[in-house]
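To start, the structure under review is shown below, and the notes come after it.
Bear in mind that the values in this text are calculations on the coordinates, not laboratory data. Note that the coordinates shown come from a computational prediction; the quantities given were computed from them, not determined experimentally. No Cβ is skipped: glycine too gets one built from the backbone with ideal geometry, and neighbour counts run over all protein chains shown.
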Number of protein chains: 2
Amino acid sequence: MTETRTDPGTTGAVAARDPATAGFVFNHTMLRIKDARASLDFYTRVLGFSLLRSTDFPEAAFSLYFLALVDDLSAMPADPEARQHWIAGLQGVLELTHNHGTEDQDGPVYHDGNSEPRGFGHICLSVPDLRATCARLEALGVPFQKRLEDGRMKHLAFIKDPDGYWIELIQPSPLV
Amino acid sequence: MTETRTDPGTTGAVAARDPATAGFVFNHTMLRIKDARASLDFYTRVLGFSLLRSTDFPEAAFSLYFLALVDDLSAMPADPEARQHWIAGLQGVLELTHNHGTEDQDGPVYHDGNSEPRGFGHICLSVPDLRATCARLEALGVPFQKRLEDGRMKHLAFIKDPDGYWIELIQPSPLV
């Protein structure tokens, strides 16, 4: 693409794709969660993710959950090893890590990255009908970080997951 | 899926997909970066991402970069608005936020989430040939958090991006 940016020092920083990276897939993003029950409920019931795989490590007292927005689950292998490899080829997987016992702590356990020390910002879902989605999430009692009508950016919203992680919501078409 | 987990309290937490979530796409993950030049170089030259869109906000002194591992860029619209909507429909997009001037600060600017206060853990790429990829990354001088041979998990590695964010590397097939 044409590099005409005003961000100082970035011109020329973008390289053409090395053939050695062919077939690379951005598979997943991992977030730690306080309460597996709350997060599984939120990501499946509220946001439509499917739980594709979970693995418990009882000796180390943690569990991993792999979720994704999959339109057709019929392609997913039943065999555990085949399924694991199938999941590894997907894009847009969310891995949730639950350290057992954190659900019994008082208050928030994890840091959302948007106050000091900052780093991670948010994940983002695009949805076909953003206004209808926001109305549904309001009705479900989901907390908003930014409603459509808040601030200057009227075409996007932010909700918060059970740990307070920000989830941006956008629509891949003009918002009318 | 069958819910036979040993993580206490999670049985029954997974809901069937609500039709209201049809068409939802896990579009992107946003990370703040200290130095746009360093991160654009790393994600394009080293990891094969393409820069699909960048937006500068000079008055607010920040820039956004949207990158993805796209095998065929010919489908990407040239028109900026059409392109923005096309990108919003993708999975596996990485959004990098650069607050102008952080590149001139000494030392790390952002928190990787893996020491206190913890939260975000990592992103993960799956690659067709993990051993060859790790050898290439070693040759390129990329720092490793965990090499294939380190620890008990011999089938995965972790590298660090220019801000120290962890990037897991896996292979969607048995590692022989």
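If only Cα atoms are counted, what is the Rg of region B:25-104, and what is its Dmax, in Å?
Considering region B:25-104 through its Cα atoms, Rg and Dmax are 12.7, 37 Å.
Between residue A:83 and residue A:11, how many nm apart are label points set 7 Å from Cα along the C-beta direction?
In this crude label model, residue A:83 to residue A:11 measures out at 5.3 nm.
Mind checking region A:104-176 for GluC sites (Glu not before Pro) that DSSP puts in a loop (not H, G, I, E or B) and that have at most 11 other Cβ atoms within 10 Å?
Details: sites: A:138, A:149, A:168; in loops: A:149.
When the GluC sites (Glu not before Pro) of region A:104-176 are filtered for loop state and at most 11 Cβ neighbours within 10 Å, A:149 remain.
Average partner chain C-beta neighbours within 10 Å, per residue of B:42-51? Walk me through the numbers on the way to the answer.
Working: counts 2, 3, 7, 7, 4, 5, 10, 6, 5, 7.
Taking the mean over all residues of the peptide, I get 6.
Non-local amide H neighbours of residue A:18 (under 5 Å, H modeled in plane, Pro and chain starts lacking H): which ones?
Sorted by chain and number, the residues that satisfy this are B:48.
Whole-Hz ³J(HN,Hα) for each residue in region A:13-29, computed from phi via Karplus 6.51 cos²θ - 1.76 cosθ + 1.60 with θ = phi - 60°, x for glycine and proline: what do you get?
7, 8, 9, 5, 6, 6, x, 5, 9, 4, x, 5, 10, 7, 7, 8, 10
Return the distance in nm (one decimal) between the two label points of a simple spin-label model at residue B:175 and residue A:155, each offset 7 Å from Cα along Cα→Cβ.
Those two pseudo-labels are separated by 4.2 nm.
Going 7 Å from the Cα of residue B:57 toward and past its Cβ, which residues in region A:122-166 have a backbone nitrogen under 17 Å from where you end up?
Those under the cut-off are A:122-124, A:145-159, A:166.
Please list log₁₀ I(q)/I(0) at q = 0.23, 0.27 Å⁻¹ for region B:119-176, using the Debye equation with identical point scatterers on the alpha-carbon positions.
These q points yield log10 I(q)/I(0) values of -0.92, -1.23.
With no solvent and one point per C-alpha, what does the Debye sum give as log10 I(q)/I(0) for chain A at q = 0.11, 0.16, 0.18 Å⁻¹?
Results for chain A at q = 0.11, 0.16, 0.18 Å⁻¹ read -0.62, -1.17, -1.31.
Given 20 Å bins starting at zero, what is the percent of C-alpha pairs of the protein assembly as shown in each, up to the one with the largest pair distance?
30, 62, 9
For chain A, set up a Gaussian network in which alpha carbons nearer than 10 Å are linked by springs, and say which option among A:148, A:73, A:51 fluctuates the most.
Residue with maximal mean-square fluctuation among A:148, A:73, A:51: A:73.
Taking the Cα centre of chain B as origin and charging only Cβ (+1 Lys, Arg; -1 Asp, Glu), how large is the dipole, in debye to the nearest 20?
Using only the charged Cβ atoms, the result is roughly 580 debye.
Could you pull the Rg and Dmax for region B:59-138, using just the Cα atoms, both in Å?
So, for region B:59-138, Rg and Dmax equal 16.9, 45 Å respectively.
According to a simple spin-label model (label point 7 Å from Cα along Cα-to-Cβ), what is the distance in nm between residue A:73 and residue B:140?
Distance between label points: 3.7 nm.
Before anything else, pin down the relative contact order of region A:25-104: Cα pairs under 8 Å, at least 6 apart, normalised by residue count, whole percent. Could the numbers behind the result be given before it?
On the way: 119 pairs, mean separation 37.2, N = 80.
Value for region A:25-104: 47 percent.
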